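Below is one structure, written out as structure tokens, with a few remarks after it.
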Amino acid sequence: MTAPDPAHPVSLDIAIVGAGFAGLYALHKLRKHGYRVHVFDAGDDIGGTWYWNRYPGARCDIESMQYSYSWDEQLQQDWQWTERFATQPEILRYIHHVADRFDLSRDITLNTRITAAIFDEAANTWTLTTDAGVRIVAPYAIMATGVLSAPLVPNLAGLDDFKGAIYHTANWPKDGVDFAGLRVGVFGTGSSAIQAIPEIAKQARHLHVFQRTPNFSVPARNQPLTPDTIAQWKSNYPELRRYAREDTGSGTIYDFPTRSAKDVDEATRNAEFEARWAKGGANFMHAYNDLVIDEESNRFAADFVRRKIRETVKDPALADALCPTDYPIFAKRICVDSDYYDTFNRPNVTLVNLKKTPFDRVTETGLRTSASDIALDALVLATGFDAMTGALTRIDIRGIGGQSLKDKWSEGPRAYLGVMSAGFPNLFMVTGPGSPSVLSNVIVSIEQHVDWITDCLLHLRSIGAQRIEPTTGVENSWVRHVNDVASATLLPKAASWYMGANIPGKARVFMPYIGLANFRRKCNEVAANGYEGFRIGQSN
Ligand code: N01
């Protein structure tokens, strides 16, 4: 595409926002069907979440043989992952390989943030506006904007006063940061911090970790992939991918349990936890089939991890401070680390427990708590995201009657199957709220949503329809169902970003759908029944 001219709108069949895993697959798939489709992304490179999250230690917590596209057999045979858990640079190399291999870049415009999307009810088109004032007009828009892609910078008193460098893990400088000789503060102890802290500690003169809520973390036991492991996966890829898609709750294959933690004696239970702890990864949470639904079983797993923390961290008071106690394990996304707890045994690492000595303010020279002034040269905000909704509500999206999506979602996101929201015809979301997204291997979910959207668009084309949106009735029932399913588990019992609880003022609603295989069946059923629950029309 030549450089867009603000004076003339760009005309497309489908405009895609976001050049991450979702946008790239959507581009490839829809272009094959003859649509004029183009992707816009704010970054100066493709990759989406895997482009922005370049902090030290960033790697995926799903095994690399499973965290990749499944839609091209030769691609999955040719690509060579090198480690059990791929690093961010390796994932970005993979994304580039895919883009080159399928000639995607010619239909991608980078350095272009979409700031608004307005529906024209008479024409049944969306007009997207870029930060350079260019307009793009298309009958359909696909928001492939990611679910953990709107970084949260908390409103910390004094942040602007700080004279040192401030970094956010989700917006890391491209050329990296050299912390050698510096006094560094990491603010936050979620997955991003837990990966970054061991790496920053190796460089920094001194590292202060500012923790409000401790997290549960299990060891990754990352290692190089052996030729045998790779061969086993590759020789069975089609069947393993099918199994992950259709027969698992999360799109990831683990050693699945068959019994409750309460069906076995303590020694058997601990031996099972121990074996999974030794093997590493999120496989730990699948030790028994009731760990996320039964409080007593959950406590067995939580107690085991707390014991491990106490065995690892030499100072008992410090170990205590690192033990989560006020929410069930797995109710927040389990962290997967490399030497996180052991890092606190280093003489150059100090934990600042903000529950005991609350944050007061950032100063010119560091950070003040109720107990002391801590001098810092650099501050790392590992403070997470406005998850699931932020990337959408930060765009001025207006549907029927000029209604804004942000207003519609002020009491919590409302969408049908996480793919469309009533009142916003022809606007698709990939892995939106109410779909498994963050509770699944997100690439599996992305592929399912993009496949579904493509089939839907082909259907509309075949019947000459120009407009589709879900009814408010099915949307309301689905939002209720999503919350009913969640309420049968322990997940709503933590103040997590799944619940919107990390953002002051955000509605507390459980946003993702638990159960990937069920979700897939439901989506297939809706399509097979002629897009049941959707209003399809020639015009408004
Ligand atoms: O963000 P988080 P993240 N004052 O929201 C703290 C995925 N991911 O970027 O818990 C004080 O989990 C906050 O404290 P609290 C993964 O799904 C995957 O780490 O609110 N503290 C918390 O400690 C993950 O779950 C991978 O008390 C404040 C931290 O900041 C998701 O991304 C790697 C604060 C934020 O933790 C998000 O993870 C990384 C305040 N005002 C991420 N505001 C892998 O695949 C926030 N905090 C491995």
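The values are calculated or read from the model by the stated rules, or taken from the named source; none is laboratory data. It should be emphasised that the depicted structure is a prediction, and the values quoted were computed from it without experimental measurement. For neighbour counting, all protein chains shown are included, and Cβ atoms are generated from backbone atoms with ideal geometry for every residue, glycine included. The protein model used for the area step is the full one, side chains on, heavy atoms only, and it has no ligands, DNA or RNA in it. Shrake-Rupley method; radii C 1.70, N 1.55, O 1.52, S 1.80 Å.
PRO219 fulfils the conditions (1) in contact with a strand residue (DSSP E or B) (Cβ under 8 Å, 6 or more places away or on another chain); (2) more than 30 Å from THR489 (Cα to Cα) except for a single criterion, (2).
In the set ARG84, ARG113, ARG93, only one residue is closer than 30 Å to THR383 by Cα, in the same structural domain as TRP452 (by TED's automatic domain parsing) and touching a Pro at 6+ places or on another chain (Cβ under 9 Å); that residue is ARG84.
For segment 79-92, a residue qualifies if it is under 26 Å from VAL39 (Cα atoms) and either surrounded by fewer than 16 Cβ atoms within 10 Å (Cβ to Cβ) or of a type in the set (Asp, Glu) (or both), and the qualifying residues are PRO89, GLU90. Taking the criterion of being surrounded by 15 or more Cβ atoms within 10 Å (Cβ to Cβ) and among the hydroxyl-bearing types (Ser, Thr, Tyr), the residues of segment 250-260 that qualify are SER250, THR252, TYR254, SER260.
Only residues that are out of contact with any His (no Cβ under 9 Å at 6 or more places or on another chain) and within 16 Å of the ligand (Cβ to nearest atom) were counted in segment 379-404, giving 9.
Inside segment 29-43, can you point out the residues that are closer than 20 Å to ASP103 by Cβ and open to solvent by 30 Å² or more (accessible area, probe 1.4 Å)?
Within segment 29-43, LYS29, ARG31, LYS32, HIS33, GLY34, ARG36 meet the criteria.
The single residue among ASN476, ASN518 that is away from the ligand (no atom under 16 Å from the Cβ) and within 21 Å of ASP407 (Cβ to Cβ) turns out to be ASN476.
Only residues that are closer than 22 Å to SER64 by Cα and assigned to a helix (DSSP H, G or I) were counted in segment 223-281, giving 25. Taking segment 140-196 as the range and being part of a strand (DSSP E or B) and surrounded by fewer than 14 Cβ atoms within 10 Å (Cβ to Cβ) as the test, only ALA180 passes. Provide a single number: the residues in segment 46-56 that are open to solvent by less than 30 Å² (accessible area, probe 1.4 Å) and in a loop (DSSP other than H, G, I, E, B). The total comes to 5. Summed over segment 453-484, the residues that are within 20 Å of the chain's Cα centre (by Cα) and either surrounded by fewer than 19 Cβ atoms within 10 Å (Cβ to Cβ) or aromatic (Phe, Trp, Tyr) (or both) give a count of 1. Within the option set ARG346, ARG368, being away from the ligand (no atom under 16 Å from the Cβ), in the same structural domain as ALA204 (by TED's automatic domain parsing) and not small (Gly, Ala, Ser) holds for one residue only, ARG346. Within segment 160-173, residues that are farther than 11 Å from THR383 by Cβ and more than 16 Å from the ligand (Cβ to nearest atom) have Cβ atoms under 6 Å from residues that are assigned to a strand (DSSP E or B) and modelled with pLDDT of 95 or more in these pairs: GLY164/ALA378; ALA165/ALA378, counting only partners at least 6 apart in sequence or on another chain. One residue alone among PHE187, PHE273 is modelled with pLDDT of 95 or more and within 16 Å of the ligand (Cβ to nearest atom), and that residue is PHE187. If you check VAL442, VAL438 for being open to solvent by 20 Å² or more (accessible area, probe 1.4 Å) and within 16 Å of the ligand (Cβ to nearest atom), only one passes: VAL442.
Taken together, the residues in segment 213-234 that are within 11 Å of the ligand (Cβ to nearest atom) and out of contact with any Gly (no Cβ under 8 Å at 6 or more places or on another chain) amount to 3.
A search for C-beta distances below 8 Å between a residue of segment 319-333 that is under 15 Å from LYS355 (Cα atoms) and any residue that is charged (D, E, K, R) and part of a loop (DSSP other than H, G, I, E, B), counting only pairs 6+ apart in sequence or on different chains, returns ALA321/LYS356. All conditions but one from (1) surrounded by fewer than 19 Cβ atoms within 10 Å (Cβ to Cβ); (2) within 12 Å of the ligand (Cβ to nearest atom); (3) not in a strand (DSSP E or B) apply to LYS332; the one that does not is (1). No other residue among ASP263, ASP247, ASP228 is modelled with pLDDT under 95 and either open to solvent by 40 Å² or more (accessible area, probe 1.4 Å) or farther than 30 Å from ALA317 by Cα (or both) apart from ASP247. If only residues of segment 197-206 that are within 16 Å of the ligand (Cβ to nearest atom) and crowded, with 18+ Cβ neighbours inside 10 Å are counted, the one that is nearest to PRO219 (Cα to Cα) is PRO198.
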